[in-house]
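Only the coordinates and a few stated rules stand behind these numbers; no lab work does. Note that the structure is predicted; figures quoted are calculated from it, not measured. So basically every Cβ, Gly included, is an ideal-geometry build from the backbone, and we count neighbours across all protein chains shown.
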Amino acid sequence: MLRAPLHRRLLATLLALALLAPAAPLLAQGSDGSGDGYVAGIPDLPLMPGLQSLPDSGLVFDKPGGRIVEAFAAGEVTAPAVHGFYDRTLPQLGWRREAAGAYLREGERLRLDLSEEAGRLTVQFRLSPQ
């Protein structure tokens, strides 16, 4: 008697997972619609809404002493908005602000370097061992 309800619950769970699977890319999509929810190469670093990753512009290098990642994103955002977003967001993820655009966490240093050209801001994300 317990098998029928258990089978129904299992079937309902599998059906729900099957229905949600096509939505997974949408759930990972950034609010700017770019599809970039996180900075390329740094899967736990959110990409600020309004920024889009610049494909093939960075590098990822894992070594025994730590990882080195360089990634780029650009958008029509302002430098104060970028600094404000990461100053609010990164402490929630365990990062401690060291200076403007510089953060520390568990033996790693994250640096944000900003440059602007023709009203478009480019952010260089650099992650390295501390």
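Structure data summary
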item: Around A99: net Lys/Arg minus Asp/Glu count, Cβ-Cβ under 15 Å; result: +3
item: Built amide H within the under 5 Å cut-off of V77, gap 5+; result: L121
item: Cα-Cα separations in segment 30-129 greater than 24 Å, expressed as whole percent; result: 15 percent
item: Among 59-70, 82-93, 101-112, the order from most to least packed when residues are scored by Cβ within 10 Å on average; result: 101-112, 82-93, 59-70
item: Length released on extending from E117 to V60, taking residue separation times 0.36 nm less the Cα-Cα span; result: 18.0 nm
item: Mean-position separation - Cα centroids, segment 84-98 and segment 44-76, in angstrom; result: 16 Å
item: Under 5 Å, built H, 5+ apart or other chain: amide partners of R109; result: S128, Q130
item: R97 paired with H83, simple spin-label distance in nm, labels 7 Å along Cα-to-beta-carbon; result: 0.9 nm
